[in-house]
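No lab work stands behind these numbers, since they all come straight from the coordinates. Worth saying up front: this structure is predicted, and the values here are computed from it rather than measured. Positions of Cβ are generated from backbone atoms using ideal geometry, with glycine treated the same way; all protein chains shown enter the neighbour counts.
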């Protein structure tokens with residue numbers, strides 16, 4: 001109830017995607033846990049979208065807020081170390097639809113909401129919430145799907161194992177799941193991009209001037225990532 005009162009109070013004033021996230025996260029330990037993951041996914045999704053020529057503000061917003069639908073999920077379920085039962089799995093899978101509703105109703109960003117809704121769809125139709133297949137999934141949703149998975153494998157330590165994968169291991173996993181979970185063409189674009197910019201370990205937490213120069217040299221408008 002406190003969370004939804006917070007959402008309503010934010011509604012009374014002019015809202016940005018960042019202020020929406022911050023306001024809700026103040027009352028949600030879950031979203032606090034996901035805050036830096038969300039920022040990393042936004043950065044990775046933005047540079048991949050720029051590489052293939054589909055970047056816009058709706059994509060950036062969707063990547064930043066892709067996990068906002070987890071606001072009402074108990075951390076005991078979300079961070080459960082063992083296997084989920086069917087009810088717990090259904091609860092977690094609801095976050096794509098809930099995020100879609102929050103962004104659609106609270107920001108009026110219908111395209112961003114669509115991309116959030118699509119970011120757990122699988123290429124082969126086994127994803128959720130709508131079991132879309134192939135190019136029926138929005139391109140932006142497919143981009144966020146890859147970047148979200150890569151960050152979880154290499155940085156976030158939530159779903160894959162208790163130790164981080166190396167980039168090589170993560171690339172192999174993305175390729176192994178190409179054309180089942182992921183758009184295989186986008187996977188290749190993503191891997192070639194990260195090799196090109198030489199993404200360093202701990203790139204989000206440690207300043208690396210050489211990497212920053214390479215990153216911003218690869219995009220036309222650095223302000224788009226801020």
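Were the residues from residue 29 through residue 75 laid out at 0.36 nm apart, the gain over their Cα-Cα distance would be 15.8 nm.
With the simple spin-label model, which puts each label point 7 Å out from Cα in the Cβ direction, the residue 133 to residue 94 separation comes to 2.9 nm. Which shape class, rounded, prolate or oblate, goes with the range 85-135 when its Cα gyration tensor gives a ≥ b ≥ c as root eigenvalues, a/c under 1.5 marks rounded, and past that a/b bigger than b/c marks prolate? Judged from the Cα gyration tensor, the range 85-135 comes out oblate (a/c at least 1.5, b/c at or above a/b).
Using a Förster distance of 22 Å, how high is the FRET efficiency between residue 201 and residue 175, based on the Cβ-Cβ distance and rounded to 0.05? Kindly include the intermediate steps, with their values, before the conclusion.
Numbers: r = 21 Å, r/R0 = 0.93.
That gives a FRET efficiency of 0.60.
With neighbours defined as other Cβ atoms within 10 Å of a residue's Cβ, the residues 16, 154 order from fewest to most as 16, 154.
Per-residue Cβ neighbour counts within 10 Å put 120, 97 in the sequence 97, 120, beginning with the fewest. At q = 0.16, 0.19, 0.30 Å⁻¹ the log10 of I(q)/I(0) for the range 68-111 amounts to -0.46, -0.59, -1.01, computed by Debye summation with a single uniform scatterer per C-alpha, solvent ignored.
Taking the Kirkwood radius as the inverse of the mean 1/r across Cα pairs, report the Rg/Rh of the range 37-128. Kindly include the intermediate steps, with their values, before the conclusion.
Numbers: Rg = 13.9 Å, Rh = 13.9 Å.
My calculation puts Rg/Rh at 1.00.
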